[in-house]
Amino acid sequence: MSTAAVLAVLLPFAASAIGLLGSRFPKGLRGAAADTAANRRAAWIAIVPTAVSTLLTIWLAYSIRTGRAAGGGDWLSRFTGSADTGRVATASVTVDTGSAPISVGLLVDGLAATIAVLVTVVALAVQVYSVGYLRGDRRYPSYSAFISLFTSAMLLVVYAADLLVLYVGWEVMGLCSYLLIGHWWEDRANSRAAIKAFLVTRIGDVGFLFGVFVLGTAAGGFRIADVLARLPELPPGTILAAALLLLAGVAGKSAQVPLHTWLPDAMAGPTPISALIHAATMVAAGIFVVARLYPVFLAAGPALDVLAVMAALGMLGAALAALAQDDLKRVLAYSTISQLAYMAGALAAGSRDAAIFHLITHGAFKALLFLCAGAVIHAVGSNLMSAMGGLRRELPVTFTAMTIGFAALAGLPPASGFFSKDEVLAAVERSLSAGTLATPAALLLYGCALATVAVTGAYAARAWLRTFFGEHAPSGLPDTAVPGPAPSGPSGIAVPGPASSAVSGSAVPEPAIPGSAVSEAAPPAVHEAPAVMRWPIIILAVPALLLGLPGVLHIHWGTAVLSVALALLGAGAVHAVWRAAPRRDPARLLGPLRGPCERAFSVDALYRAVFVRPTLLLAYVVARADGRVVDGAVRGSGRTITGLAGLVRRAQNGNAQLYVTGLLAGVLLLAVGAVMLR
């Protein structure tokens, strides 16, 4: 079993190295035929190792579960794997650093095995889907290699037995995110989005690294098992400081308030990347780390209150922002922030299992939704819902799968999200009386959670209706809260839509996908995605629909009825507004709140005013000081030496008459001086 865990991590890593170096080996040819051959080789290099890694993680999960203690835990802990007592530790190497040692090794338990299956299944689906989505893209070999590297890094985070080993995978994921978001770097908006994601997550990672150091040095080592075992011996202040520092990294990686602003801009990357990194796996890494180190956060009570406030603000604020977006991918991006906040809320409320349950189901249905969105964009040629409508007949497979995904997102039975959201809401409700949170934090979390259920139903229904019902109108009928010029579509044709997005200030559709160009004279022939893209959608639709069924006998009926009623209330309100005027955006029901929601409450503008502009001003002052003072002093000293050298040079010009004249003048001066001083 230890060999299987090592191979599961190393196979995608090897695939990334071979894909980067060997896709065009040995001739390195370029051109249409050579690019097609390189893409084909890169696809096999990426897919086969990922498939083998998927089989290994499934086998590991099965082995761990069959070897667990009989009857351990309730149904939810058994489902998430936290009740599985079987553990496999790979042979680790201890590195003596002179203080706290570093243990390089992997640890496989029920929790890690469960999350690893989610990672590899989604990664495999994305690799296969990308073969069709990026057909003809010259940089597909590097794209697929970076996905493989990301998969390996995420598995390293999941299986890591040491905090520093976990941190290595954590940072490699950030690098892959930067590279993949900026895949189409020729578009300035894409490169800026990649840089923004890199910088914002790095801010959180600084705190995360210090939190790791605080825990490791206080516990005398970085092995996770040792840190948790020595937790009762640590001072409460140290535990609280470490927990708060770790939360900074969690906020950055999982796009939680206040470091959430990078995720909507990250939609500039290819849609399959949004499905893999920014919906199902990387953003879930922060939630997984809190679950892995959960005793640390339980021992630091105020840290859970902070997490609860972050979750409450994030889930409702992001849901309202999603309700006002016209870009379909941005709707799903803000939805991701909101759903991750649900998981954070469950952790704050004291239920790790409910958080992991929702993480698993969310990974399935949100990856499904992003892949379906990619199929819609592939067919329509635009990200904007104002350019969609009436697609249910032309895209029956995508329509059915996306309906399942939206039902799971809204928490409607029998989709998987209904059962996991029920557990989350029940845990939050219990926190009102269980005392795990301060009363104000618990009340805020519970109120925002219920309100978010209604808003989630509203924005899910709005996206569903605007995409698949009504009339298909590529030219669109914009109905935006913020006036301005229309953004450019994939083939350079203006596609009406919001000129101001919630984050970056512009709704930027993806670059052209072969076969998806929009034409003013002849609208594109809308058709279902090719089979290589359809099958991952069909396969992911199964867990999105059925993954929650183990909880069918454990429903909290009061909470469930309230949740479904609120979701249907939000969806019904949107449907009523849409039916009254199908060509207009139902987001108008927000009234005067529509503008602030569309701009995501201007958090980015606030950050630009408070942090970005002062930093740029300081950088300008430093650059001017460096250029005028430091460089000026260097240049001035150079000019002085040059001037003195010029004077000396005049006395050394090789003219004998000048030398004799100078000699006579000197003798004369000496003679005069001697006479006068006698």
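Key figures for this structure:
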read-out: Calculated from backbone phi, Karplus (6.51, -1.76, 1.60) coupling profile of segment 659-670 in Hz, x at Gly/Pro; value: 5, 5, 4, x, 5, 5, 5, x, 4, 4, 5, 5
read-out: Label point distance in nm, Leu593-Ala34, each placed 7 Å from Cα along Cα→Cβ; value: 5.7
read-out: Geometric extent, Cα atoms of segment 106-209 - Rg, Dmax (angstrom); value: 15.0, 44
read-out: Residue among Val603, Leu669, Ala619 farthest towards the positive dipole end of segment 595-671, charges placed on Cβ; value: Leu669
read-out: Distant-in-sequence amide H partners of Thr94 (H built 1.01 Å from N, under 5 Å); value: Val104
read-out: Dipole moment magnitude, nearest 20 debye, segment 417-474 about Cα centre, only Lys, Arg, Asp, Glu C-beta charged; value: 100
read-out: Stokes-Einstein translational diffusion, segment 340-394 - Kirkwood Rh over all Cα pairs, 0.692 mPa s, 37 °C, in µm²/s; value: 247
read-out: Percent RCO, i.e. relative contact order, over segment 159-302, from Cα pairs under 8 Å lying at least 6 residues apart; value: 28
read-out: Per-residue HN-Hα couplings for segment 8-17 [Karplus 6.51, -1.76, 1.60; θ = phi - 60°; Hz; x = Gly/Pro]; value: 4, 7, 7, 4, x, 5, 4, 4, 5, 5
read-out: Mean Cβ neighbour count within 10 Å, used as a protection proxy, ranking 419-430, 128-139, 579-590 highest first; value: 419-430, 128-139, 579-590
read-out: Protection proxy ranking, peptides 641-650, 243-252, 314-323, average beta carbon neighbours within 10 Å, highest first; value: 314-323, 243-252, 641-650
read-out: Charged-residue dipole, Cβ positions (Lys, Arg, Asp, Glu), the chain about Cα centre, Debye nearest 20; value: 1600
read-out: Cut-off under 5 Å, modelled amide H: who pairs with Gly548 long-range; value: Ser416
read-out: Mean shadow area of segment 275-416 over all directions, Cα convex hull, nm²; value: 8.4
read-out: Volume of the Cα convex hull of segment 541-678, divided per residue and given in Å³; value: 438
read-out: Percentage of interatomic Cα-Cα distances in segment 547-590 larger than 11 Å; value: 71
read-out: Global form of segment 294-378, assessed from the alpha-carbon gyration tensor, a/c cut-off 1.5; value: oblate
read-out: Förster radius 22 Å - calculated FRET efficiency between Leu647 and Val675, Cβ distance, rounded to 0.05; value: 0.15
read-out: For the chain, calculated [θ]222 nm from helices alone, where every DSSP H run of n ≥ 4 adds -39500 (n - 2.57); value: -22000 deg cm²/dmol
read-out: Segment 560-611: C-alpha gyration tensor shape, a/c 1.5 cut-off, then a/b vs b/c; value: oblate
read-out: Among Val108, Val126, Ser335 the positive-end extreme of the charge dipole of the chain (Cβ point charges); value: Val126
read-out: Under 5 Å, built H, 5+ apart or other chain: amide partners of Asp162; value: Gly105, Ile224
read-out: Whole-Hz couplings from phi, Karplus 6.51/-1.76/1.60, listed for segment 426-441; x for Gly and Pro; value: 5, 5, 5, 5, 5, 5, 5, 10, 6, x, 6, 10, 4, 4, x, 5
read-out: Rule-of-thumb Rg ratio for segment 35-192 [Cα; 2.2 N^0.38 Å; N residues]; value: 1.22
read-out: Rg/Rh for the chain, where both radii come from Cα atoms and Rh is the Kirkwood radius; value: 1.13
read-out: Shape category assigned to segment 147-206 from the gyration tensor of Cα positions, a/c cut at 1.5; value: oblate
read-out: Dipole magnitude of segment 320-413, debye to nearest 20 (Cβ charges: Lys/Arg +1, Asp/Glu -1, about Cα centre); value: 60
read-out: Lys/Arg +1, Asp/Glu -1 at C-beta; the chain dipole; positive extreme among Ala83, Ala656, Leu593; value: Ala656
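Throughout, read-outs are computed from the coordinates displayed, never taken from laboratory work. Not measured: the values here are computed from a predicted model. Methodologically, a virtual Cβ is constructed for each residue, glycine included, from the backbone with ideal geometry; neighbour enumeration extends over all protein chains shown.
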